[in-house]
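The values are calculated or read from the model by the stated rules, or taken from the named source; none is laboratory data. Being a predicted model, the structure only gives us computed values, none of them experimental. Neighbour counts run over all protein chains shown; Cβ positions are idealised from the backbone, glycine included.
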Amino acid sequence: MSKVVQFEVEGGIGTIRLERPPMNALNFDVQDGLAAAANEATMRKDVSAVIIYGGEKVFAAGADVKEMQPMSYTDMVDRSAALQAAFIAIARIPKPTVAAITGYALGAGCELALACDFRVAADNAKLGQPEVSLGLIPGAGGTQRLSRLIGPARAKDMIFTGRFVSAEEALAIGLVDEVVPEAEVYAAARRRVERYVGGPAYAIRGAKEAIDRGLEVDLDTGLEIERMQFAAIFATRDREIGMKHFVEHAPGKAPFEGC
Ligand code: CO8
């Protein structure tokens with residue numbers, strides 16, 4: 001178990017908790033801990049949804065600049081692959097994921113939130129991709145996931161300027177999905193995903209894979225991914241349970257088994 005990334009499960013919801021005060025700077029240990037936690041969240045049957053949380057004051061202020069500063073080009077060629085692999089592991093958790101954002105979500109911190117399905121932010125949160133101010137560009141998915149989420153022009157504005165975006169603006173441009181008082185962020189994130197506990201896990205998984213993989217390809221290929229996922233779902237027990245319940249009773253509230 002990593003010291004700087006904890007993984008705890010309660011009531012069917014896994015929480016990946018960053019524990020590197022004061023700013024949860026994402027050093028190599030944190031990056032490796034995130035990859036391990038993503039793997040555990042993926043494999044555990046008792047986990048239906050995942051929250052990524054940095055604590056009550058700050059989500060994460062980016063990669064560890066002090067650790068990166070002495071690195072050479074070849075050091076970074078090697079390390080950047082591991083960093084991207086960690087964030088891809090988070091993005092590929094086949095269950096609903098939500099980032100619970102307090103305080104700063106900057107650089108790789110913002111990119112970590114972008115790797116989740118949803119983002120709940122504190123009303124005083126600040127999000128940004130300030131890498132240009134260090135003479136860098138985003139390196140953990142920011143140029144790709146941010147552009148896909150909020151559109152290329154808004155992403156370019158954030159990335160070219162490096163400015164911090166308030167929670168209010170983030171909500172307006174679709175960078176976050178919900179804004180709540182700081183003290184309520186974790187509870188709001190739990191509320192957002194607890195509806196999936198006891199749900200049709202493989203239908204949700206199939207839908208997530210179809211949406212995420214489909215966004216990476218042309219429409220025709222995306223529709224084919226959807227069609228294959230749709231047909232495959234017919235092999236699940238929950239498909240039988242859900243349709244039988246509809247026919248014999250009414251829509252909704254089917255007693256799914258998660259298989
Ligand atoms: N890395 C390392 N240390 C940090 C970081 C960071 N990203 N952010 C803050 N700290 C440290 C500060 O140096 C300070 O340390 P100390 O107490 O030893 O001096 C401590 O945290 C507290 O920070 P501040 O005193 O600066 O606190 P403020 O409240 O004044 O400011 C800010 C908070 C606004 C968050 C400010 O610290 C800041 O701007 N931080 C840097 C933000 C940033 O530039 N993030 C992007 C980093 S680059 C990146 O993420 C690239 C991703 C791809 C990398 C690929 C790698 C493989």
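Inside the stretch 97-127, can you point out the residues that are more than 15 Å from the ligand (Cβ to nearest atom), within 15 Å of Glu169 (Cβ to Cβ) and either of a type in the set (A, V, I, L, M) or not assigned by TED's automatic domain parsing to the domain that holds Glu168 (or both)? Result: Ala121, single match. Figure legend. Inter-residue proximity from the stretch 201-222: first residues under 19 Å from Glu257 (Cα atoms), second residues of a type in the set (A, V, I, L, M, F, W, C) and surrounded by fewer than 16 Cβ atoms within 10 Å (Cβ to Cβ), beta-carbon distance below 7 Å, spacing 6+ or different chains. Indicated pairs: Gly206/Ala232.
Scanning the stretch 236-254 for residues that are exposed (fewer than 11 other Cβ atoms within 10 Å of the Cβ) and more than 28 Å from the chain's Cα centre (by Cα) yields Val247, Glu248, His249, Ala250, Pro251.
So that you can scan it fast, the table gives a plain yes or no per residue for (1) modelled with pLDDT under 95; (2) surrounded by fewer than 18 Cβ atoms within 10 Å (Cβ to Cβ); (3) of a type in the set (Lys, Arg); (4) touching a Gly at 6+ places or on another chain (Cβ under 9 Å):
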| site | (1), (2), (3), (4) |
| --- | --- |
| Asp64 | no, no, no, no |
| Glu67 | no, yes, no, no |
| Arg79 | yes, yes, yes, no |
| Leu83 | yes, no, no, yes |
| Ile88 | no, yes, no, yes |
| Arg92 | no, yes, yes, no |
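Which helices (runs of 4 or more DSSP H) sit wholly inside the stretch 177-234 and have at least 2 residues that are over 18 Å from Gly11 (Cβ atoms)?
Details: elements: 185-194, 201-214, 219-233.
The helices (runs of 4 or more DSSP H) meeting that bar are 201-214, 219-233.
What is the number of the single condition among (1) touching a residue at least 24 places away in the same chain (Cβ under 8 Å); (2) farther than 30 Å from Ala183 by Cβ that Ala100 does not meet? Ala100 satisfies every listed condition except (2).
Can we say Glu10 is acidic (Asp, Glu), more than 14 Å from the chain's Cα centre (by Cα) and within 25 Å of Val197 (Cβ to Cβ)? When the stated conditions are applied, Glu10 passes them. Checked against (1) free of Cβ contacts under 8 Å to residues at least 60 places away in the same chain; (2) surrounded by fewer than 24 Cβ atoms within 10 Å (Cβ to Cβ); (3) of a type in the set (A, V, I, L, M, F, W, C), Ala105 meets all criteria but (2).
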